[in-house]
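Take a look at the structure below.
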Ligand code: GP9
Ligand code: MN
């Protein structure tokens with residue numbers, strides 16, 4: 001039998017191989033976009049851009065292989081594998097976080113060791129091999145049809161490079177037409193991927209990161225002046241009715257893992273309440289409950305919420321500030337309160353390196369960190385990311401009682417974390433009845449957390465601490481991502497989750513209980529950034545000298561909106577979603593395009609101020625009146641055994657060696 005040969009294209013076999021590689025990779029990437037990502041495509045131009053955007057990267061990267069004469073096939077195959085791997089990593093990450101991988105995230109993956117990996121692993125399926133089919137086909141072709149391929153013509157590299165640059169500029173030009181200033185204003189990674197593609201996004205992100213480390217180096221003390229002026233102009237003065245009402249009291253924060261406001265007062269089909277204890281607090285007027293309160297977190301999730309609550313600044317647009325900016329100077333709650341005689345501690349049933357907490361807490365001024373090393377991390381006590389909430393609170397009580405008062409403390413819960421799976425012995429509560437396992441389990445996990453909180457409140461009362469402690473409880477971020485909106489529509493009894501309803505799902509509960517102060521349900525709009533000044537004012541500490549961006553929720557001057565990290569926002573009248581303006585009341589797209597402009601401008605300026613502080617590390621140039629800076633090197637979080645040894649001076653030389661990890 002005659003061997004298959006390609007007579008006409010003999011001299012250009014390498015171009016055929018190259019073209020097959022480009023086309024297969026292009027179509028595969030496009031398929032991945034359609035199958036895996038929710039990019040909010042809403043016009044034909046965007047559809048077209050999504051289709052062509054993988055082409056320029058494919059031409060460029062595979063084109064480089066044309067430089068290698070002898071090993072061109074191999075270089076194309078290796079390039080394909082690396083790019084496919086990047087695409088697949090983004091897919092796995094997106095399934096969990098509804099977001100794309102960035103350089104800082106890669107850096108934090110190292111910090112978070114296997115745990116992020118476990119979550120991603122649970123979202124992989126054998127069918128995912130599809131994302132490597134072109135790689136397999138290319139190997140097959142290179143061993144058969146193209147076995148004897150030679151590269152004759154090196155001019156092709158220049159032609160391909162020119163072609164890829166042309167395609168890219170054409171792509172960018174059209175994208176800028178649809179979204180002006182795409183590259184300079186991008187608070188949202190979805191936009192970049194939608195317009196320029198997943199690979200170009202990675203390149204963009206890498207460049208941004210190099211720029212960001214440069215920013216710190218270039219900043220100087222005069223850069224803080226703009227922020228100071230902004231702060232003065234936007235300060236919401238304390239409300240005399242509440243100022244100092246909690247003076248000298250202990251402060252205790254509880255982060256309610258993944259708890260969203262829709263769960264509050266929600267009843268299961270059989271009539272049972274999901275969070276009966278929290279509901280009782282909503283309705284008994286003992287605590288303030290804010291029902292238009294929004295999370296403002298991004299990729300740093302729990303840690304972003306911690307950052308917002310304790311600094312009154314916004315987290316980073318990409319990556320976790322806890323991981324990437326832990327070397328900055330901060331003037332955080334624990335450090336401020338230290339000046340008022342407070343002793344601070346964080347309690348968390350996970351290991352101290354997660355989210356780089358053991359490093360960041362030093363910059364925040366935490367005196368102590370009771371991490372997993374302090375708890376009984378047995379198999380039956382732990383699930384998913386760490387200690388279950390009930391043993392967590394039970395075991396925390398003696399440690400809390402042991403603290404010197406007044407204290408500032410934070411408790412980070414864990415049980416209500418994606419994928420919300422419970423051990424059967426921990427719940428008798430009914431699961432949801434939707435077709436979505438994650439959503440169904442959420443109710444059981446949230447119910448378990450509610451029981452754990454009730455038990456903790458009882459223990460606080462029994463210990464006498466309750467009467468002298470301000471308790472702040474907040475949902476840290478959404479637990480159920482947009483990927484589950486079909487089931488969420490069933491849960492909420494609506495046909496579909498509209499953009500406005502989806503934004504509404506970003507509400508998280510906020511409770512503030514001040515002993516002796518009458519609470520009630522408060523409807524003002526606000527976000528996590530606003531809590532710090534609210535609490536400091538309750539403690540009788542004026543915040544006007546602090547470079548933070550929150551607005552006291554109880555102030556008569558409180559601005560009535562909350563922004564999201566992507567530049568969108570919510571307010572009683574208008575909501576901006578993915579840059580579009582909707583009516584809050586009807587949920588309809590506003591005809592008048594200027595309706596969102598006023599708040600929109602404020603939102604952009606505020607994010608810019610926050611980024612100035614965080615990216616340029618500006619607080620190193622500023623000292624609030626009466627504030628004594630802390631030195632992170634004065635802090636160390638040793639495992640309990642080491643502390644006993646240190647206290648008793650049994651092995652003084654070894655303490656030094658424990659400093660690190
Ligand atoms: C892990 C816990 C959960 O320590 O804070 O983190 P999350 O995934 O919610 O950011
Ligand atoms: Mn969390």
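The values are calculated or read from the model by the stated rules, or taken from the named source; none is laboratory data. What you see is a predicted model, and the numbers here were worked out from it, not measured in a lab. Note that each Cβ is placed from the backbone with ideal geometry, even for glycine, and that neighbours are counted across all protein chains shown.
The set of residues from region 360-387 being within 16 Å of residue 311 (Cα to Cα), more than 16 Å from ligand 2 (Cβ to nearest atom) and not in a loop (DSSP other than H, G, I, E, B) comprises 361, 362, 363, 364. Checked against the criterion of being modelled with pLDDT of 90 or more and within 19 Å of residue 128 (Cα to Cα), region 37-45 contains one or more residues that satisfy it.
Checking the conditions here, which among 199, 230 is touching a residue at least 24 places away in the same chain (Cβ under 8 Å), away from ligand 1 (no atom under 16 Å from the Cβ) and within 30 Å of residue 540 (Cα to Cα)? After ruling out the rest, the residue left standing is 230. Checked against the criteria, residue 447 does not count as part of a helix (DSSP H, G or I), in contact with a helix residue (DSSP H, G or I) (Cβ under 6 Å, 6 or more places away or on another chain), away from ligand 2 (no atom under 16 Å from the Cβ) and within 24 Å of residue 507 (Cβ to Cβ).
Against the definition (more than 16 Å from ligand 1 (Cβ to nearest atom), under 27 Å from the mean Cα position of the chain (by Cα), part of a helix (DSSP H, G or I) and assigned by TED's automatic domain parsing to the domain that holds residue 509), how does residue 471 come out, yes or no? Explain how you work it out, then say what you get.
Details: more than 16 Å from ligand 1 (Cβ to nearest atom): yes; under 27 Å from the mean Cα position of the chain (by Cα): yes; part of a helix (DSSP H, G or I): no; assigned by TED's automatic domain parsing to the domain that holds residue 509: yes.
Here the answer is no, as residue 471 does not meet what is asked.
Taking region 218-241 as the range and being outside any helix (DSSP H, G or I) and out of contact with any helix residue (DSSP H, G or I) (no Cβ under 6 Å at 6 or more places or on another chain) as the test, the residues that pass are 220, 235, 236, 237, 239, 240, 241.
Among the residues making up region 605-622, none is surrounded by fewer than 17 Cβ atoms within 10 Å (Cβ to Cβ) and in contact with a strand residue (DSSP E or B) (Cβ under 9 Å, 6 or more places away or on another chain). Inspection of region 558-571 finds a residue satisfying the criterion of being in the same structural domain as residue 591 (by TED's automatic domain parsing), within 23 Å of the chain's Cα centre (by Cα) and farther than 18 Å from residue 609 by Cβ.
Could you check residue 363 against (1) modelled with pLDDT of 95 or more; (2) more than 21 Å from the chain's Cα centre (by Cα) and say which number it fails? Of (1) modelled with pLDDT of 95 or more; (2) more than 21 Å from the chain's Cα centre (by Cα), only one is false for residue 363: (2).
Under the condition of being assigned to a helix (DSSP H, G or I) and without any contact (Cβ under 8 Å) to a residue 12 or more places away in the chain, which residue from region 35-57 is nearest to the chain's Cα centre (by Cα)? If you could, list the steps in order and put the result at the bottom.
Within region 35-57, the first condition is being assigned to a helix (DSSP H, G or I), and the residues that meet it are 35-36, 44-57.
Add one more test, that the residue is without any contact (Cβ under 8 Å) to a residue 12 or more places away in the chain, and what stays is 35, 44, 47.
Details: 35: 23, 44: 31, 47: 28 Å.
Ranking the qualifying residues of region 35-57, first place goes to 35.
Within the bounds of region 481-495, is there any residue that is more than 14 Å from residue 281 (Cβ to Cβ), within 16 Å of ligand 2 (Cβ to nearest atom), assigned by TED's automatic domain parsing to the domain that holds residue 554 and not in a helix (DSSP H, G or I)? Yes; the residues of region 481-495 include at least one that is more than 14 Å from residue 281 (Cβ to Cβ), within 16 Å of ligand 2 (Cβ to nearest atom), assigned by TED's automatic domain parsing to the domain that holds residue 554 and not in a helix (DSSP H, G or I).
Residues are listed down the side, and each one gets a yes or a no for (1) closer than 22 Å to residue 99 by Cα; (2) out of contact with any strand residue (DSSP E or B) (no Cβ under 7 Å at 6 or more places or on another chain); (3) modelled with pLDDT of 85 or more; (4) assigned to a helix (DSSP H, G or I):
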site	(1), (2), (3), (4)
160	no, yes, yes, yes
164	no, yes, yes, yes
167	no, yes, yes, yes
184	yes, yes, no, no
191	yes, yes, no, yes
207	yes, yes, yes, yes
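Part of a loop (DSSP other than H, G, I, E, B), over 24 Å from residue 443 (Cβ atoms), touching a residue at least 60 places away in the same chain (Cβ under 8 Å) and away from ligand 2 (no atom under 16 Å from the Cβ): does that describe residue 512? Considered against the rule, which asks whether it is part of a loop (DSSP other than H, G, I, E, B), over 24 Å from residue 443 (Cβ atoms), touching a residue at least 60 places away in the same chain (Cβ under 8 Å) and away from ligand 2 (no atom under 16 Å from the Cβ), residue 512 comes out as no.
The set of residues in region 393-424 that are within 14 Å of ligand 2 (Cβ to nearest atom) and under 28 Å from residue 538 (Cβ atoms) comprises 410, 411, 412, 413, 414, 416.
No other residue among 609, 590 is in contact with a helix residue (DSSP H, G or I) (Cβ under 9 Å, 6 or more places away or on another chain) and more than 17 Å from residue 560 (Cβ to Cβ) apart from 609. Taking the condition in contact (Cβ under 8 Å) with a residue 24 or more places away in the chain, over 22 Å from the mean Cα position of the chain (by Cα) and either away from ligand 2 (no atom under 16 Å from the Cβ) or assigned by TED's automatic domain parsing to the domain that holds residue 543 (or both), does residue 342 pass? Yes. Of all the residues in region 258-281, those that are more than 25 Å from residue 577 (Cα to Cα) and buried (at least 22 other Cβ atoms within 10 Å of the Cβ) number 4.
Determine which member of the set 266, 230, 253 is more than 30 Å from residue 469 (Cβ to Cβ) and either in contact with a strand residue (DSSP E or B) (Cβ under 6 Å, 6 or more places away or on another chain) or at pLDDT 95 or above (or both). Can you show your working first?
On the way: 266 fails: more than 30 Å from residue 469 (Cβ to Cβ); 253 fails: more than 30 Å from residue 469 (Cβ to Cβ).
The conditions single out 230.
Considering 530, 545, the condition of being within 16 Å of residue 234 (Cβ to Cβ) and in a loop (DSSP other than H, G, I, E, B) is satisfied by 545 alone.
Is it true that some residue in region 279-296 is under 27 Å from residue 622 (Cβ atoms), within 16 Å of ligand 2 (Cβ to nearest atom) and either touching a helix residue (DSSP H, G or I) at 6+ places or on another chain (Cβ under 7 Å) or not assigned by TED's automatic domain parsing to the domain that holds residue 320 (or both)? Can you show your working first?
So in region 279-296, the residues under 27 Å from residue 622 (Cβ atoms) come out as 296.
Adding the requirement that they be within 16 Å of ligand 2 (Cβ to nearest atom) leaves 296.
Narrowing the set further to residues that are either touching a helix residue (DSSP H, G or I) at 6+ places or on another chain (Cβ under 7 Å) or not assigned by TED's automatic domain parsing to the domain that holds residue 320 (or both) leaves 296.
Checked region 279-296: at least one residue is under 27 Å from residue 622 (Cβ atoms), within 16 Å of ligand 2 (Cβ to nearest atom) and either touching a helix residue (DSSP H, G or I) at 6+ places or on another chain (Cβ under 7 Å) or not assigned by TED's automatic domain parsing to the domain that holds residue 320 (or both).
Considering only region 332-340, I want to know if a residue exists there that is closer than 19 Å to residue 472 by Cβ, crowded, with 24+ Cβ neighbours inside 10 Å and within 16 Å of ligand 1 (Cβ to nearest atom). No, region 332-340 contains no residue that is closer than 19 Å to residue 472 by Cβ, crowded, with 24+ Cβ neighbours inside 10 Å and within 16 Å of ligand 1 (Cβ to nearest atom). Checking each residue in region 359-369 for being within 13 Å of ligand 1 (Cβ to nearest atom) and touching a helix residue (DSSP H, G or I) at 6+ places or on another chain (Cβ under 7 Å) picks out 360, 369.
So for region 399-411 (the condition being out of contact with any strand residue (DSSP E or B) (no Cβ under 6 Å at 6 or more places or on another chain), part of a strand (DSSP E or B) and within 16 Å of ligand 1 (Cβ to nearest atom)), does at least one residue qualify? The answer is no, given that none of the residues of region 399-411 is out of contact with any strand residue (DSSP E or B) (no Cβ under 6 Å at 6 or more places or on another chain), part of a strand (DSSP E or B) and within 16 Å of ligand 1 (Cβ to nearest atom).
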